[in-house]
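Working notes for the structure below.
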Amino acid sequence: MIDIGSLRALAAIEQHGTVVAAAEVMGFSPSAVSQQVKKLEKEAGFAVLERRGRGVLLTERGLALAAYGRRILAELEELESTLLADPAKPSGSLRLVSFSTACRGLVGPLLARIGQSEAALEISVLAEDPREAVARVANGEADLGLVHNWNSVPLVIPEHLTLEWLCEDVADVLVHRQHPLAACADIEPAQLVEERWISTPDGAICNEALLRIFADLGRVPDIRVYDPDFATHIALVEQGVGVALVPRLGRPALPPDVVAVPVVNPVQARQVGLVHRRTMTASPGIRHVAAMLRGIAVSASGEPRSA
């Protein structure tokens, strides 16, 4: 009889490339994962790993076994989330990955409502960029992911995940009150080409969205400060360091010297959505959290996201 834990270890090694990386994701020691693999090899009667330099590779039969293992683990997850769960009483632990502004604007209210409800749910939260959130949900490190997708920067979703759009989050350009653009009702990209910018780090989705604003103009924004925290962007705009593109979701009240001006032609907006594995679709806990987030998103944005 092949042990499920051993299959899980093999699938993790295939996915993450090394025993050490698989152990870190699974929360075990590398020695424990190696023991699981040795147990699997003994049960299967053939080698599933071979040494290659300092790393390991799956053998041909090991790859086939890992593929079978993924299917078995997916079916087991679906079984646990449906037939073995009480649909009338969501319970258990869920791991949620969310980008930081959604942590403030959506997850905070979600945790508060769950704490006041009768659902026996415990939710742990990790803040990460949407691409990392998708990867964690895809490989089983997380159960749910709150992600965003700028209208200019598509987010790739693997086929075994399902995505539900919750709301649209519009971004404004923040300028100091004494800035000439502060008096404008709205701003077009051509008016922003000479500005000094504060941006999220290079490679982050919000940074790419800023770069795309100027792509049709044949220009690159003059970015003077890279920082992952929009609260820092607001503080630097207040100090006259530069201007910043900051979404409205989870945005704190702006200081008196900071003015938000909408961008038009095109409007800068990102769609906010919830991802989870298709095998978890019928999970009472997933359904309960998704329903609560829909309501919170409508309150946060003013209107639901159309399909």
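In table form, for the structure just shown:
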| quantity | calculated |
| --- | --- |
| Flag if residue 168 is in contact with an Asp or Glu (Cβ under 9 Å, 6 or more places away or on another chain) and open to solvent by 10 Å² or more (accessible area, probe 1.4 Å) | yes |
| Among (1) part of a helix (DSSP H, G or I); (2) touching a helix residue (DSSP H, G or I) at 6+ places or on another chain (Cβ under 6 Å) - the single one residue 136 does not satisfy | (2) |
| Where residue 40 falls short, out of the listed (1) at pLDDT 85 or above; (2) more than 12 Å from residue 65 (Cα to Cα); (3) open to solvent by less than 60 Å² (accessible area, probe 1.4 Å); (4) not hydroxyl-bearing (Ser, Thr, Tyr) | (2) |
| Only one of 183, 135 that is out of contact with any strand residue (DSSP E or B) (no Cβ under 8 Å at 6 or more places or on another chain), free of Cβ contacts under 8 Å to residues at least 60 places away in the same chain and closer than 24 Å to residue 250 by Cβ | 135 |
| Residue that is surrounded by the most Cβ atoms within 10 Å (Cβ to Cβ), among those in the range 100-117 that are part of a helix (DSSP H, G or I) and among the hydroxyl-bearing types (Ser, Thr, Tyr) | 101 |
| Of all residues making up the range 220-232, the number that are out of contact with any Asp or Glu (no Cβ under 9 Å at 6 or more places or on another chain) and open to solvent by 50 Å² or more (accessible area, probe 1.4 Å) | 3 |
| Helices (runs of 4 or more DSSP H) wholly inside the range 1-52 containing at least 2 residues that are over 20 Å from residue 72 (Cα atoms) and over 23 Å from the mean Cα position of the chain (by Cα) | 19-26, 30-44 |
| Selection status of residue 235, surrounded by 15 or more Cβ atoms within 10 Å (Cβ to Cβ), on the phi < 0 side of the Ramachandran plot and modelled with pLDDT of 95 or more | yes |
| Options 244, 297: the member that is open to solvent by less than 10 Å² (accessible area, probe 1.4 Å), modelled with pLDDT under 95 and either under 17 Å from residue 104 (Cβ atoms) or assigned by the TED database to the domain that holds residue 138 (or both) | 297 |
| Selection within the range 252-279 - open to solvent by 60 Å² or more (accessible area, probe 1.4 Å) and in contact with a strand residue (DSSP E or B) (Cβ under 8 Å, 6 or more places away or on another chain) | 257, 267, 278 |
| Flag if residue 91 is farther than 19 Å from residue 138 by Cβ, at pLDDT below 85 and of a type in the set (Ser, Thr, Tyr) | yes |
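The values are calculated or read from the model by the stated rules, or taken from the named source; none is laboratory data. Remember, it's a predicted structure, so these values are computed and weren't measured experimentally. For neighbour counting, all protein chains shown are included, and Cβ atoms are generated from backbone atoms with ideal geometry for every residue, glycine included. Just the protein is used for accessible areas: all its heavy atoms, side chains included, with ligands, DNA and RNA removed. Shrake-Rupley method; radii C 1.70, N 1.55, O 1.52, S 1.80 Å.
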